[in-house]
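> First, the structure itself, so that you have it in front of you.
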Amino acid sequence: MITLTLSTGKTLTVEADTKGIQIADEFDGGEATLAGLLVNNQVKALTSPIPFDATVEPIYFNEPEGSNIYRRSLCFILAAAAAKLHPDRRLIVGHSLGYGYYYVFESDTPVTTTELSALEKEMRAIVAADKPIEREVISYAQAKELLEKNNQTETRKHLDYVNPEKLLINTLDGYSDMNIGPLVNRTGKLATFAILPYDTGFLLQFPTTQKPDEVPPFEDHPKIFQIYKKYKAWGKQINVTSVAAVNELVAKRKMNDFIDITETFQAQNFAETALQIHKRGDVRVVLIAGPSSSGKTTSAKKLSLHLQALGYTPRVISLDNYYVGRDRNPKDENGNYDYECLEALDVELLNKNLIDLFDGKEVEIPSYDFDLGQPYFNGNTMRLHKNDILIMEGIHGLNDRLTPLIKNDYKFKVYLSALTQLNIDDHNRVSTRDNRLIRRIVRDSKFRGKSAAATIDMWANVQKGERLHIFPFQNNADAVLNTALDYELSVLKVYAEPLLRCVSPEQKQYTEASRLLQFLALFSPMPSDYVPTQSIIREFIGGSSFHY
């Protein structure tokens, strides 16, 4: 017998290996409203057994963990529907676009409206039938046979570099796939979705966390999609499109060449952006923006080098210097200083300085004392000379409200995003969010003395700021640069895993730490020795030749 301590305050004594679904009625709404359970701060499916004493909390669909379960489960029934309708075609997931995932079939033959209609009809039939999603542990040999039978090439290849004794699979009405994370227990919970034709494939759209019963209107980001498409085509060209392909390079000791190729391809894209700026002719300031841990600082330095190669002399102005000070700084709904809103910056002074600089005048640039929370002047002056070009990096760079008095012709806006083109397997993607969070965990520990738990704890607020101040302005960019490097998670794994293991099951952050550890377990470790000193990854692991 085991003891379960529920979030309601109630204590249950039940048999070991009792499944979550058996105690679901103890929570508000019962089984029908639950996405899963939090067992000792670890996300579990309702069909998972609970083997020992535990604290148990409900996970609802309007919570981040519940939203993740919903999306993962929706992708699973899409894969099941596609396998039934197109047993000889490989369905492959791409990156996220708005509140949805982009999919194609392997042949790249455009998906027809008739095919999409049939696919959606099959999915809705599966949902209406409210079929159970079963979990089963199978042997390694059984898993290989299953994946080969299902033509899941990349998933099967992955087993060559992980080699587990047993694997957990999910099964729906005769279709089975590897378990990457907990799913709902029944398909009837997945009624809210939409399928939308896009490019040569389609989008599987899902609800937001805040409104789990409705699909939001689609917001297109064509520039982001084109960069993703470019990198996806490149991945196919070099035959590295999955985590298994990277693991194979590690096993065969070919990672050095792959790092060189990856860095070179990224450098070519930086060079193309510098050339765009040069061809415009009238650009006076380059504004760089991107979400947390997208590599803004290193990207600014790398772009500066490419501009220097074209004859420019880059001059840097930090937006941090223009904070208004705590006496004028707005506060958020919790009464804390909101340093991420535009009003935290002295926009009027910034624009006056820029206009004076462009008129050839000498300007005294402010500084900011973060300890005192006050701006000050220390005699730091600047004057622009012939061939000088300003580079400004900050979260509001793409927002024209930052530079309303500056001519559009003078501004060139660059958006950064860590868009890895790798998939875990055919039906599971490598999340850009996870990539950036792991970067942040490593950097915060290395340079700021923060624990993984502390970084995870503040990540929700970071994402909130991105949704408010960065993502809405993506389409304003003149150029998009992808800062992801397809080998980086194999390198970051070495640094991140020990930090994540320090998070205790008694901490709330264990939920996320545990999930990230399971994700990183898919990657073979790669030593950092071969990482170039000017690589963006050096911003997070150290050893950069750039001065920060």
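> Using protein chains only and a probe of 1.4 angstrom, how many square angstrom of MET458 are accessible, to the nearest 10?
Accessible area, nearest 10 Å²: 40 Å².
> Probe radius 1.4 Å, ligands and nucleic acids left out: which of TYR487, TYR198, TYR510, TYR339 has the largest accessible area, and how do the rest follow?
The most accessible residue leads, giving TYR339, TYR510, TYR198, TYR487.
> Can you give me the % of accessible surface on the chain that is carbon or sulfur? Probe 1.4 Å, all protein chains present, nothing else counted.
49 percent
> Amide H to amide H, which residues 5 or more places from LEU97 or on other chains are under 5 Å from it, using H placed in the peptide plane?
Under 5 Å from the amide H of LEU97: TYR102.
> Right, here's the next one. Mind listing the Cα extents of segment 412-532 along all three principal axes, in Å, largest one first?
For segment 412-532, the Cα spread along each principal axis is 45, 33, 32 Å.
> Of (i) 22.1, 69; (ii) 22.7, 81; (iii) 25.0, 80, which one was derived for Rg and Dmax of the Cα atoms in Å from the structure shown?
Among (i) 22.1, 69; (ii) 22.7, 81; (iii) 25.0, 80, the one calculated here is (iii).
> Same structure again: Would you list the membrane-span-like helices of the chain, meaning whole DSSP H runs whose alpha-carbon atoms span at least 27 Å along their axis and whose mean Kyte-Doolittle value is at least -1.0?
Taking the DSSP H segments of the chain (at least 27 Å long, mean hydropathy at least -1.0), we get 64-85, 255-280.
> Using only the alpha carbons, work out the radius of gyration and Dmax of segment 51-146 in angstrom.
16.6, 52
> Count charges around ASP400 for me, please; just the other residues with Cβ under 14 Å from its Cβ, Lys/Arg as +1, Asp/Glu as -1.
In short, +2.
> On the principal axes of its Cα set, how long, how wide and how thick is segment 1-52? Give whole Å, largest value first.
27, 21, 19 Å, listed from the longest principal axis down.
> In whole Å, how far is the Cα centre of segment 258-292 from that of segment 1-28?
55 Å
> Once the Cα atoms of segment 434-499 are picked out, what are the Rg and Dmax in Å?
Rg, Dmax (Cα atoms, Å): 13.8, 40.
> Could you estimate the translational diffusion coefficient of segment 204-287 from the Stokes-Einstein equation, with Rh from the Kirkwood formula over C-alpha pairs, at 25 °C and 0.890 mPa s, in whole µm²/s?
So the translational diffusion coefficient is about 148 µm²/s.
> Just reorder PHE546, PHE218 by solvent-accessible area, largest first, 1.4 Å probe, all chains present.
The most accessible residue leads, giving PHE218, PHE546.
> Alpha carbons only, please: Rg and Dmax for segment 306-446, in angstrom.
Considering segment 306-446 through its Cα atoms, Rg and Dmax are 18.6, 58 Å.
> Also, I was wondering about something else. In whole angstrom, how far apart do the alpha carbon centroids of segment 443-481 and segment 179-243 sit?
21 Å
> Can you give the accessible area per residue of the chain, in Å², using a 1.4 Å probe?
Numbers: 24190 Å² over 548 residues.
Heavy-atom SASA per residue in the chain reads 44 Å².
> A 29 angstrom limit on the alpha carbon distance is what I want to check against. Which of LYS279/LYS407; LYS44/LYS236; LYS352/LYS446; LYS19/LYS493; LYS157/LYS296 exceed it?
Listed pairs above 29 Å: LYS44/LYS236; LYS352/LYS446; LYS19/LYS493; LYS157/LYS296.
> In whole Å, how far is the Cα centre of segment 490-536 from that of segment 93-143?
Centre-to-centre (Cα) distance: 30 Å.
> Leaving ligands, DNA and RNA out of it, rank VAL184, VAL137 by accessible area with a 1.4 Å probe, largest first.
VAL137, VAL184
> Hey, with R₀ at 51 Å, roughly what FRET efficiency would GLU272 and THR13 work out to, going by the Cβ-Cβ distance, to 0.05? Before the final figure, lay out each step's value.
Details: r = 65 Å, r/R0 = 1.28.
That gives a FRET efficiency of 0.20.
> Let me ask something additional. Can you give the accessible area of HIS385 in Å² (nearest 10), computed on protein heavy atoms with a 1.4 Å probe?
Accessible surface of HIS385 is approximately 120 Å².
> Continuing with the same structure: I need the peptides 70-77, 27-34 ranked by packing, meaning the mean over residues of other C-beta atoms within 10 angstrom, with the highest value on top.
70-77, 27-34
> Note down the magnitude of the dipole of the chain about its Cα centre, charges +1 on Lys and Arg C-beta and -1 on Asp and Glu C-beta and zero elsewhere, to the nearest 20 debye. Mind dumping the intermediate values first?
Numbers: 62 positive and 70 negative charges, 244 e Å.
Its charge dipole is roughly 1180 debye.
The values are calculated or read from the model by the stated rules, or taken from the named source; none is laboratory data. Just so you know, these numbers come straight off a predicted model, no measurement behind them. Virtual Cβ from ideal backbone geometry, glycine too; neighbours counted across all protein chains shown. These area figures cover heavy atoms from the full protein model, side chains too; ligands, DNA and RNA do not enter into them. Shrake-Rupley method; radii C 1.70, N 1.55, O 1.52, S 1.80 Å.
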